[in-house]
1. For residue 11, which of the numbered conditions (1) modelled with pLDDT of 90 or more; (2) more than 10 Å from the chain's Cα centre (by Cα); (3) away from the ligand (no atom under 11 Å from the Cβ); (4) of a type in the set (S, T, N, Q) fails to hold?
2. Considering only the range 53-80, state which residues are β-branched (Val, Ile, Thr) and either part of a strand (DSSP E or B) or modelled with pLDDT of 95 or more (or both).
3. Scan 45, 50 and give me the residue that is away from the ligand (no atom under 11 Å from the Cβ), assigned to a helix (DSSP H, G or I), touching a residue at least 40 places away in the same chain (Cβ under 8 Å) and small (Gly, Ala, Ser).
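The values are calculated or read from the model by the stated rules, or taken from the named source; none is laboratory data. Everything quoted here is computed from the prediction, not taken from an experiment. Cβ atoms come from the backbone with ideal geometry, glycine included; neighbour counts cover every protein chain shown.
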Amino acid sequence: MAQASSSPADSLTESTVRQWLRERRGVAFCCACLAAQTHQASDRARIAAALNVLTKRPGFLPGRCACGAVGVRCSGEHQQ
Ligand SMILES: [Zn+2]
C-alpha cells in the first residue's frame, strides 16, 4: 500500500478532481468515469484515492454516478 499521501502528484490529482467536481456542481462521478473524462485513465487508482479524501471534506458528498457506481459530488455548500 502506498503511504506517501502527501506527494506532489497526489495533491495535484486531488486539486484537479476537486476543480472538476466544482465545475459540475451537484453531479456525481465515480473514479472510473472521472478518469475517463479527464483523460487520466492510467491515474484511476490515484483518482479513486482523491475521491475518497474528498468525501471527507466540507462541500463534497457521496453520490450516484451516471454509470450506477458510487461516486462523489460537490454539494455547492461551503464555497470559498
Ligand atoms: Zn461512473
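1. Just one mismatch for residue 11, condition (1).
2. Result: 70, 72.
3. Unique residue meeting the criteria: 50.
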